[in-house]
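Note sheet for the following structure.
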Amino acid sequence: MSDSSLGHHSMIEKKGVQTTDHNENVDHELYVDTRGPNWWWKYRQMFREPMAEFAGVMILIIFGAGVDCQVVLSDNTGVASGQKGSYLSISFGWAVGTALGVWVSGGISGGHINPAVTLALATYRKFPWKKVPIYIFAQIMGGLVGAALVYANYFHAIDIFEGPGIRTQATASLFSTYALDYMTSVSCFFSEFLATAVLMIMVLASGDKDNMPLPFGLGPLFLFILILGIGASLGMQTAYALNPARDLGPRFFLAMAGYGKDLFTYRSQYWLWCPILGPVLGAQVGAIFYDAFLYNGDDSVFNTPDARSTQRRRDLGTLA
């Protein structure tokens, strides 16, 4: 095989390997295309992972905020003849959005689609810290764009529901999270903290080969069940953000759409300490619990060999 037979656009490396011909055993040289089929391919590799995170969160918000809008806005007879759905519909919509968001991103970026998960994996599972800022930026931008697309889709229904040009918390809550009136600040924080800790424990358990790891490709189905359960069990009081990008990205969009400063002054900067700090700290504690008490894998900082173990392995000749 000649270089020219692979196409003149390719940059070729040759690696010596043995392969089997259909008719006889022969030695071939493996030709590896290191640049790709066209000019765009190499540029795509530079931002493929963060774009997967962007797409995953965008899909999450399209389904999640979309079901919020459909259920709530259809309660107005000017929007629809009858309400299209219930709280159970909302739980299903967010579960579907999570599953499909991970489906589109999981094989490329790991399917974090959540800054709290990204930070926990960097802290305890050796996910590269250098990737954390671009992942989080992409996740938040995915939330912003997803909210913008849903807003554009339901723009006329929102006008009917609130009045032309009127924008209040009544429809802001379709995109970002708000707490029920009876909730105290401590209760709000604890609700998000608890739900995200449970989320993180289950995410880590699903990938633990020494526990009950998921068969390949079933991650989205697992997350569908998990988010459906969290929504049905723990979601009512704070709208279960669980994910800073799920709240902050849409909240940035709402500010651009004219919803005003109440987005950020509600309950003394609720946007910061509840849907951002609550999930981030909850994911950290969930990861600490799982790795400290249940996980035996060597990719956790809790299982880093100490000096005695390292010396013993050297003595036994098992450490290079």
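The values are calculated or read from the model by the stated rules, or taken from the named source; none is laboratory data. Worth saying up front: this structure is predicted, and the values here are computed from it rather than measured. A quick note on method: Cβ atoms are made from the backbone with ideal geometry, for glycine too, and the neighbour counts reach across all protein chains shown.
A few notes on this one:
- The set of residues from the stretch 219-240 being within 16 Å of the chain's Cα centre (by Cα) and either among the polar types (S, T, N, Q) or closer than 19 Å to HIS112 by Cβ (or both) comprises GLY219, PRO220, LEU221, PHE222, LEU223, PHE224, ILE225, LEU226, ILE227, ILE230, TYR240.
- Per the listing ASP299, ASP291, ASP247, the residue uniquely surrounded by fewer than 19 Cβ atoms within 10 Å (Cβ to Cβ) and either outside the structural domain of GLN139 (by TED's automatic domain parsing) or part of a helix (DSSP H, G or I) (or both) is ASP299.
- Qualifying positions in the stretch 125-138 - touching a Leu at 6+ places or on another chain (Cβ under 9 Å), in contact (Cβ under 8 Å) with a residue 24 or more places away in the chain and either closer than 18 Å to LEU226 by Cβ or part of a helix (DSSP H, G or I) (or both): ILE136
- The residues listed here are GLY106, GLY111; of these, the one that is crowded, with 20+ Cβ neighbours inside 10 Å and either in contact (Cβ under 8 Å) with a residue 60 or more places away in the chain or in a loop (DSSP other than H, G, I, E, B) (or both) is GLY111.
- Scanning the stretch 261-276 for residues that are crowded, with 19+ Cβ neighbours inside 10 Å and not in a helix (DSSP H, G or I) yields a count of 3.
- Top-ranked residue of the stretch 71-86 - restricted to ones that are part of a helix (DSSP H, G or I) and touching a residue at least 40 places away in the same chain (Cβ under 8 Å), ranked as farthest from ASP159 (Cα to Cα): VAL72
- Any hit, the stretch 191-207, residues being surrounded by fewer than 20 Cβ atoms within 10 Å (Cβ to Cβ) and charged (D, E, K, R): no
Residues are listed down the side, and each one gets a yes or a no for (1) touching an Asp or Glu at 6+ places or on another chain (Cβ under 6 Å); (2) farther than 23 Å from ASN243 by Cα; (3) among the polar types (S, T, N, Q):
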{"residue": "ARG267", "(1), (2), (3)": "no, no, no"}
{"residue": "GLN284", "(1), (2), (3)": "no, no, yes"}
{"residue": "ASP291", "(1), (2), (3)": "no, no, no"}
{"residue": "ASN296", "(1), (2), (3)": "yes, yes, yes"}
{"residue": "ASP306", "(1), (2), (3)": "no, yes, no"}
{"residue": "ARG312", "(1), (2), (3)": "no, yes, no"}
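- Residues being free of Cβ contacts under 8 Å to residues at least 60 places away in the same chain and among the aromatic types (Phe, Trp, Tyr) - total across the stretch 204-240: 2
- Qualifying residue in the stretch 32-45 (condition: surrounded by 14 or more Cβ atoms within 10 Å (Cβ to Cβ) and part of a helix (DSSP H, G or I)): no
- Contact annotation: no residue pair with Cβ atoms under 9 Å, 6 or more positions apart or on different chains, pairs a residue in the stretch 148-172 that is within 22 Å of TYR266 (Cα to Cα) and outside the structural domain of ILE62 (by TED's automatic domain parsing) with a partner that is outside any loop (DSSP other than H, G, I, E, B) and modelled with pLDDT of 95 or more.
- Some residue of the stretch 70-77 being at pLDDT below 95, farther than 29 Å from GLY111 by Cα and surrounded by fewer than 17 Cβ atoms within 10 Å (Cβ to Cβ): no
- Filter result (touching a residue at least 24 places away in the same chain (Cβ under 8 Å) and either touching a strand residue (DSSP E or B) at 6+ places or on another chain (Cβ under 9 Å) or surrounded by fewer than 21 Cβ atoms within 10 Å (Cβ to Cβ) (or both)) within the stretch 179-188: LEU180, MET183, SER185, SER187
- Pairing each residue of the stretch 244-272 that is within 20 Å of GLY163 (Cβ to Cβ) with any residue that is assigned to a loop (DSSP other than H, G, I, E, B) and of a type in the set (Val, Ile, Thr), provided the two are 6+ apart or on different chains, yields C-beta distances under 9 Å for TYR259/THR168; GLY260/THR168; ASP262/THR168.
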